[in-house]
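Structure first, then comments.
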Amino acid sequence: MEQKKYNVDSFNLDHTKVTAPFVRLAGKKIGAHGDVVAKFDIRFTQPNKAFMSTGAIHTIEHLVAEHIRDEMEGVIDFSPMGCRTGFYFTLFGDVDEAYVAEHMLNVLKKVSAWEGSVPATTEKECGNYKDHDLALAKKAAGDWVRGIEERGWNCYK
């Protein structure tokens, strides 16, 4: 029996066959003028086994969204997955998983050691400014860094 194909890449991923943490190319699109947009799955926790709190996710999103732009050119977006197991990272350019993993590793090392305040956490700057958890964000970032350093970025190892 043929498995149904969905319009959404992550719905077609067999979540039982991957090992988190990982960086996975979720897709590339080429625009009308030849621009390449790449979307990556930056997975923090093992699907259907663990997930992050909304406060941790929100804080990681703020810190990474601010600091990834110092690390890489062409960043479009870094946004949380609804399942709370990771993030989607979208950028311009024909880049591969190893390139993204290397730069994400640099940023998440900074997040795991972050001592300052979380950027953009006032009522004026954020739509849910009270829902942040720096301690859990630092732990999740540190766990991701250790996992990538121990086994690499590939989800199928």
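The table below gives the values:
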| item | result |
| --- | --- |
| Residues of segment 23-35 that turn out to be charged (D, E, K, R), out of contact with any helix residue (DSSP H, G or I) (no Cβ under 9 Å at 6 or more places or on another chain) and either in a strand (DSSP E or B) or within 23 Å of Glu150 (Cβ to Cβ) (or both), as a count | 2 |
| Residue in segment 89-120 that is nearest to Ile148 (Cα to Cα), counting only those that are out of contact with any Phe, Trp or Tyr (no Cβ under 9 Å at 6 or more places or on another chain) and charged (D, E, K, R) | Lys109 |
| Test: Ser117 is surrounded by fewer than 19 Cβ atoms within 10 Å (Cβ to Cβ), over 15 Å from the mean Cα position of the chain (by Cα), outside any helix (DSSP H, G or I) and small (Gly, Ala, Ser) | yes |
| Unmet criterion (only one of (1) within 17 Å of Ile57 (Cα to Cα); (2) exposed (fewer than 15 other Cβ atoms within 10 Å of the Cβ); (3) among the small types (Gly, Ala, Ser)) for Ser112 | (2) |
| Identity of the residue in segment 14-70, basic (Lys, Arg) and free of Cβ contacts under 8 Å to residues at least 12 places away in the same chain, that ends up nearest to Trp114 (Cα to Cα) | Arg69 |
| Counted residues, segment 126-157 - those being under 22 Å from Lys17 (Cα atoms), open to solvent by less than 60 Å² (accessible area, probe 1.4 Å) and free of Cβ contacts under 8 Å to residues at least 60 places away in the same chain | 2 |
| Of all residues in segment 1-35 being of a type in the set (A, V, I, L, M, F, W, C) and surrounded by 14 or more Cβ atoms within 10 Å (Cβ to Cβ), the one that is farthest from Tyr99 (Cα to Cα) | Leu13 |
| Residues located in segment 36-79, provided they are among the basic types (Lys, Arg) and either assigned to a loop (DSSP other than H, G, I, E, B) or surrounded by 17 or more Cβ atoms within 10 Å (Cβ to Cβ) (or both) | Lys39, Arg43, Lys49 |
| Yes/no for Ala20 being of a type outside the set (Lys, Arg), assigned to a loop (DSSP other than H, G, I, E, B) and at pLDDT 95 or above | yes |
| Close pairs from segment 98-125: first in contact (Cβ under 8 Å) with a residue 24 or more places away in the chain and among the β-branched types (Val, Ile, Thr), partner open to solvent by 30 Å² or more (accessible area, probe 1.4 Å) and in a loop (DSSP other than H, G, I, E, B), Cβ under 7 Å, at least 6 apart | Val118/His132; Thr121/Tyr129; Thr121/His132 |
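Residue-by-condition table, conditions (1) among the β-branched types (Val, Ile, Thr); (2) modelled with pLDDT of 95 or more; (3) in contact with a Ser or Thr (Cβ under 6 Å, 6 or more places away or on another chain):
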| position | (1), (2), (3) |
| --- | --- |
| Gln3 | no, no, no |
| Asn12 | no, no, no |
| Lys49 | no, yes, no |
| His62 | no, yes, no |
| Met72 | no, yes, no |
| Val75 | yes, yes, no |
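The values are calculated or read from the model by the stated rules, or taken from the named source; none is laboratory data. All values reported here derive from a predicted model rather than from experimental measurement. Reconstructed Cβ throughout: ideal geometry from the backbone, glycine too, with neighbour counts over all protein chains shown. Heads up: the accessible areas ignore ligands, DNA and RNA and are worked out on the full protein's heavy atoms, side chains in. Shrake-Rupley method; radii C 1.70, N 1.55, O 1.52, S 1.80 Å.
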